[in-house]
Structures are given as structure tokens and as C-alpha cells.
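The values are calculated or read from the model by the stated rules, or taken from the named source; none is laboratory data. Predicted model only: the values in this text are computed from it and were never measured. Cβ sites come from the backbone with ideal geometry, for glycine too, and all protein chains shown count toward neighbours. Heads up: the accessible areas ignore ligands, DNA and RNA and are worked out on the full protein's heavy atoms, side chains in. Shrake-Rupley method; radii C 1.70, N 1.55, O 1.52, S 1.80 Å.
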Amino acid sequence: MKTKLFSYSQLDTFIHRLSGLTKLICFLLLTTTVMLTFDIRIILGIMVLSIVLFRVAQISFRQVRVMFVFVFVFIITNFFLTFLFSPTYGVEIYGTEHVLFVITERYTVTLEQLFYQLTKFSKYLSVIPLGCIFFFTTNPSEFASSLNNIGLSYKACSALSLTLRYFPDVQGDYHTISLAQQARGVEMSTKASVMTRLKNMVRILVPLIFSTLDRVELITNAMELRGYGKHKKRTWFSYKPLGKNDWLSIGVCLAIFLFTMYMRFFVTKSLFYNPFI
């Protein structure tokens, strides 16, 4: 069976022991930090931190391989399209021009453009491990209970929890239906043409949709039979209060965010770090 996407792994690591609320706050702080700066020094620092945390969480590359392939294709495509449509944007940002080589009159590769695009490339790479850490180490039920305890409606929290649990279930159903169809002679391998595989995929998606509707009806009936939604509040079996490590983690991420804002508004006084001046 293939590894399920966005599936929580029950492990005993420092990351897994943190509250789901803590991981959400840290994820938002670090991703916001990356979005609000083009200072490659800070971005590379967050990238190294995210890779270290990725290893601490004991997430194997096999679990995120498919996700990384799609994201990497997107990043590479974005890299070339940026140069295709804005080949001199780096020169406009940094105010200098150091020509490396000339392709055509319009497309001149400069050190400034390359630096800008590498910074942008690093921004994407620094966020990907953070997202993987959040999805693969956060128990959906515990995460929902944490959000409910800070004031979010428990109905919205339950919907979020079910959504997070639903991703691996859908993937599992898709894989099972795919194997069943292939056993009936439906070709889904690389031996068939792309158009043939796309047509055959419909034979998988239709039963997948019906199985999804059946699951929705089953869950709805189970929740109604248990009186879900009758009261304004509910208790949570998996609630985890914030501990010392949670506050420490939030403090570190907040410090990184504040340091980045200090560098942007008081030191470099710009969104972009300019090494060419």
C-alpha cells in the first residue's frame, strides 16, 4: 500500500508532543516571516531550521515524495517563467547591473536577476518542509480540540478535523479502486497512451465519488444518532493543554518574526536585501 498523503503519523518526537495549536501558530509565524521578506539570509536560516525540524519529526522522504515532485516541478516552472516575462526585474530592484552572459538582446542574464530568482526559489523551498511537518505530525482531533479551546466553534473544528482525516481515506479508496479496475483489464500503466489513461481514470473517479458520498452519509448518520450539535459546547477526549515546550516553541518563532520585521524596517529598510551596494 502506498504511503498516504497528509496522513498523521503516531510517533514520539519533540514535534509530535507539541500541541496542534502550537504547531499552527509556529507554522503561521514562520511562513508569514518568509512571505514578508526577500532577505536571503533570513530565508536560508528558516530553510535550515525547517530541514532540521523535518529530521527531528522523523518524516521520511518516501512519505512526501509525490508532494515534493509536484512542488518542485512548479518551482522550476516558476523559475523559468519569471525570467521569460521579467528578465530585468532584478536589475530594477537592486539598481545595478552585472552581466553574466547574453542570450538575446532582450534576454540578458545578470547577477541581480539570478540573485532575485534564487531568493524567490529559496522562499518556496523553506516553506515546503514546514507544511509537511504540520500535516504529518498533527493529530486532527487534538488540533480541533485546541482550536475549540481558544474560542473557535466546535462545529467548525469538527469539520476541519474530518477534512484532515479525509485526505488519506480518499487516497486509500482511489488506490483500491484503481487496483480493482486494473484487475478487470483497465490499463493505467505507462504502456497505454496519455489519452487512454485519462479516459480510464474516469472509471476510477466515478466509483470514488459514489464511495465518498456513501462515507459522508455514514458519518452524518453516526453524528446525528449521537446527538451532535445539540449543545453549544462539547468536551474533547484528545485535548492537550499548552506546556513549557509549547510556549518555548512559540517564543522562538515569534522572536524570528520580530527579528525579521526589525531587519526589514530598521536595518535594510526595504523588502529586499541588496548585496550589490
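Restrict the check to region 163-178 and report whether at least one residue is touching a residue at least 12 places away in the same chain (Cβ under 8 Å), open to solvent by less than 70 Å² (accessible area, probe 1.4 Å) and charged (D, E, K, R). Yes, some residue in region 163-178 is touching a residue at least 12 places away in the same chain (Cβ under 8 Å), open to solvent by less than 70 Å² (accessible area, probe 1.4 Å) and charged (D, E, K, R).
Selection over region 53-74 of residues that are over 28 Å from Leu18 (Cβ atoms) and open to solvent by less than 50 Å² (accessible area, probe 1.4 Å) gives a count of 0. Here is the figure for region 182-194: residues that are open to solvent by 100 Å² or more (accessible area, probe 1.4 Å) and within 30 Å of the chain's Cα centre (by Cα) total 1. Per this entry, Glu142 is counted among residues that are surrounded by 17 or more Cβ atoms within 10 Å (Cβ to Cβ), under 22 Å from Leu30 (Cβ atoms) and of a type outside the set (Ser, Thr, Tyr). Of everything in region 195-239 that is loosely packed, with under 12 Cβ neighbours inside 10 Å and part of a loop (DSSP other than H, G, I, E, B), the residue that is nearest to the chain's Cα centre (by Cα) is Phe237.
Taking region 108-139 as the range and being open to solvent by 20 Å² or more (accessible area, probe 1.4 Å), farther than 15 Å from Met35 by Cα, in contact with a strand residue (DSSP E or B) (Cβ under 8 Å, 6 or more places away or on another chain) and not aliphatic (A, V, I, L, M) as the test, only Thr108 passes.
Here Pro275 passes the criteria (1) assigned to a loop (DSSP other than H, G, I, E, B); (2) open to solvent by less than 100 Å² (accessible area, probe 1.4 Å); (3) farther than 30 Å from Thr119 by Cβ; (4) of a type outside the set (S, T, N, Q) except the one numbered (3). Would you mind listing the helices (runs of 4 or more DSSP H) fully within region 33-122 where at least 2 residues are closer than 28 Å to Leu258 by Cβ and under 16 Å from the mean Cα position of the chain (by Cα)? By residue number, 40-56. Within region 197-222, which residues are in contact (Cβ under 8 Å) with a residue 24 or more places away in the chain and either under 17 Å from Thr163 (Cβ atoms) or of a type in the set (S, T, N, Q) (or both)? Across region 197-222, the qualifying residues are Leu208, Ser211, Thr212, Arg215, Ile219. Within region 10-32, the only residue that satisfies the criterion of being surrounded by 17 or more Cβ atoms within 10 Å (Cβ to Cβ), among the hydroxyl-bearing types (Ser, Thr, Tyr) and not in a helix (DSSP H, G or I) is Ser19. Sub-8 Å Cβ pairs linking a first residue in region 250-276 that is over 19 Å from Cys26 (Cβ atoms) to a second residue that is of a type in the set (Asp, Glu) and surrounded by 14 or more Cβ atoms within 10 Å (Cβ to Cβ), at least 6 apart or interchain, are Met263/Asp39; Arg264/Asp39; Thr268/Asp39; Phe272/Asp39; Tyr273/Asp39; Phe276/Glu112, ordered by first then second residue.
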